[in-house]
Amino acid sequence: MKDEIKFWNEKLKKEKEISPKEIELLQTHIHFFEHERGIHLIVTISFSFYFLYSLTMLLWKPNLLWIILFLILGVILGFYIRHYYILENGVQTLHKLYDRCIEKEKVS
């Protein structure tokens with residue numbers, strides 16, 4: 001996604017006009033990233049439920065297994081939240097780039 005953002009930023013700086021075909025390509029890439037973002041949202045929410053379940057079980061019946069599971073899920077959930085945050089911000093940046101491309105669209 002970083003490469004995609006970098007590519008479109010440079011393209012917008014260099015060129016005065018963007019063709020409709022290029023805008024369609026950007027729109028397709030945005031859809032792919034939005035799909036990935038949706039999948040990661042589902043996974044993040046699932047891990048949140050597992051994390052809360054392990055916390056509930058740890059508080060209800062504390063033992064070493066629940067402590068280990070709670071810690072492992074906490075670390076994994078932290079990484080998923082970070083990854084989802086990066087995806088969300090990247091997609092928002094691509095939408096802004098798309099708006100800038102529309103402004104520079106070549107009228108045929």
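Throughout, read-outs are computed from the coordinates displayed, never taken from laboratory work. Predicted model, so just to flag it, every value in this text is computed and none were measured. Here the Cβ positions follow ideal geometry from the backbone for every residue, glycine too, while neighbour counts run over all protein chains shown.
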Contacts under 8 angstrom Cβ, first residue in the range 43-56 being more than 9 Å from residue 70 (Cα to Cα), partner among the β-branched types (Val, Ile, Thr) and assigned to a helix (DSSP H, G or I), 6 or more apart: 44/81; 47/76
Search result, residues across the range 54-89 that are in a helix (DSSP H, G or I) and either under 22 Å from residue 15 (Cα atoms) or of a type in the set (Lys, Arg) (or both): 82
